[in-house]
Amino acid sequence: MLPDPGRGLRAVDPDDHHVFASLGCAIENMVQAARAFGLRAAPSYAPDARGIQVELEAAPPERTDLFDAIPHRQSTRALYDGRSVPPEHLRLLEAAGNGDGVRMLLFTERQQREDILSYLVAGNSAQMDDAAFVEELKSWIRFGYGDALSTRDGLFSKSSGNPALPGWIGRLIFSQVFTKDGENSKYENQLRSSAGVAVFVSDKDEPAYWAEAGRCCQRFALQATALQLRHAFINQPVEVPAVRGQFASYLGIGGRRPDLVMRFGYGPELPKSLRRPVEDVILRA
Ligand SMILES: Cc1cc2nc3c(=O)[nH]c(=O)nc-3n(C[C@H](O)[C@H](O)[C@H](O)COP(=O)(O)O)c2cc1C
């Protein structure tokens, strides 16, 4: 599995950290699916190809809850209902989210959510003040059904709980409706409505570990889905280098890099993001 260089996000992800994390997410789906179809998948980072190689061998088929959750999982950028998660379910989430060289930190106390909120607002404010970030984000928003269906990628407005608009109107009014204060207050409400936050921290700041963090995060998200929990990324605290350093000090993780941040809780389902046709993402030699 290889990164698609044409789809890197130069402003928000200049070192391709999220690219490798996203490969890890996809690899974890593949590992769970392979198991269900009677194959044991062993992924490893291939430095020469800058990709992930997956060895497959026959094994007894095993259909896991995580496999069954794959078609139902979605990033749910909505308000949740504030209910907390029972301890036995938190233990299942913990078991899913930890991995080889990656630790997951779980925060469920009200004060911890408020602490994390201050880094979220600091990161989001810095991004909203960065014209290159805002332009990049705008180029990936699919404002209407037409845009969403013709590209089948990006962030569809309806999947973020916003109305669908003709693309030209969306682009025209974007700067009026997408403001720093508005976005910060949306994130405040969303985080305060959540049951908790998971932070994924890998041992080394290298592509192989970024991908492993992605795998852990995907297992966490699938386990959450199997428990009827919703989840959404709130990665602003780890995307702005200056804020990331302060956030790492708060987490007490020494020199390690916090990779990914996800909130979770109980909430509504939103329209799902579309997928590109599988033929578009398969390379043939
Ligand atoms: C590594 C990684 C980082 C992401 N960071 C964010 C983020 O900070 N905020 C956000 O709203 N979505 C983020 N996304 C979510 C994607 O936008 C989302 O996965 C995509 O819209 C597909 O939707 P789905 O998760 O519902 O399948 C991230 C996804 C990946 C794989």
In this structure, the FRET efficiency calculated for Ala49 and Arg10 from their beta-carbon separation, with R0 = 30 Å, to the nearest 0.05, is 0.85
Could you list the square roots of 5 times each eigenvalue of the Cα gyration tensor of the chain, that is, the equivalent ellipsoid semi-axes, sorted largest first and rounded to whole Å? 28, 24, 20
For the chain, give the percent of accessible area contributed by carbon and sulfur heavy atoms, probe 1.4 Å, rounded to a whole number. 53 percent
Cross-link pairs beyond the 22 Å C-alpha cut-off, checked among Lys138/Lys272; Lys186/Lys272; Lys204/Lys272; Lys180/Lys204: Lys204/Lys272; Lys180/Lys204
Report relative contact order for segment 75-275 in percent, whole number only (criteria: Cα-Cα under 8 Å, sequence separation at least 6). 38 percent
Net +/- balance of residues flanking Ala126 in space, Cβ distance below 13 Å, scoring K and R +1, D and E -1: -2
Out of residues 5 or more away from Arg257 or on other chains, whose amide H comes under 5 Å of its own, with H placed 1.01 Å from N in the peptide plane? Ser202
Of Pro43, Val102, Val177, which is farthest on the positive side of the dipole of the chain, counting Cα position, with +1 on Lys and Arg Cβ, -1 on Asp and Glu Cβ, and the Cα centre as origin? Val177
For the chain, modelled as a GNM with alpha-carbon contacts under 10 angstrom, which of Gln112, Gln74, Gln32 fluctuates the most? Gln112
Along the dipole axis of the chain (charges at Cβ: +1 for Lys and Arg, -1 for Asp and Glu; origin at the Cα centre), the most positive-end residue among Met1, His231, Ile52 is His231
With +1 on each Lys and Arg Cβ and -1 on each Asp and Glu Cβ, and nothing else charged, work out how big the dipole of segment 22-72 is about its Cα centre, in Debye to the nearest 20. 60 debye
In the chain the DSSP beta bridges are antiparallel at a rate, in percent to nearest 5, of 90 percent
Keeping all protein chains in place, calculate the accessible area per residue for segment 75-275 (probe 1.4 angstrom), answer in Å². 45 Å²
With helices defined as uninterrupted DSSP H runs, which ones in the chain have an alpha carbon span along their own long axis of at least 24 Å and mean Kyte-Doolittle hydropathy of at least -0.5? 17-36, 207-226
Sparse-neighbour loop sites [chymotrypsin sites (Phe, Trp or Tyr not before Pro); segment 18-68; at most 16 other C-beta within 10 Å; DSSP]: Phe37
I want to verify a result. In a Gaussian network model of the chain, Cα cutoff 10 Å, which of these has the top mean-square fluctuation: Gln176, Gln228, Gln53? Gln176
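About its Cα centre, what dipole magnitude does the chain give when the only charges are +1 on Lys and Arg Cβ and -1 on Asp and Glu Cβ, stated in debye to the nearest 20? Before the final figure, lay out each step's value.
Values: 33 positive and 36 negative charges, 134 e Å.
The calculation lands at about 640 debye.
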Towards the positive end of the charge dipole of the chain, with charges on Cβ (+1 Lys, Arg; -1 Asp, Glu), say which of Ser194, Val31, Leu117 has the farthest Cα. Ser194
For the chain, calculated [θ]222 nm from helices alone, where every DSSP H run of n ≥ 4 adds -39500 (n - 2.57): -14000 deg cm²/dmol
Taking alpha-carbon centroids only, segment 206-275 lies from segment 40-92 a number of Å equal to 13 Å
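The values are calculated or read from the model by the stated rules, or taken from the named source; none is laboratory data. Because the structure is a prediction, the values reported are computed rather than measured. Positions of Cβ are backbone-derived with ideal geometry, glycine not excepted, and every protein chain shown enters the neighbour counts. The protein model used for the area step is the full one, side chains on, heavy atoms only, and it has no ligands, DNA or RNA in it. Shrake-Rupley method; radii C 1.70, N 1.55, O 1.52, S 1.80 Å.
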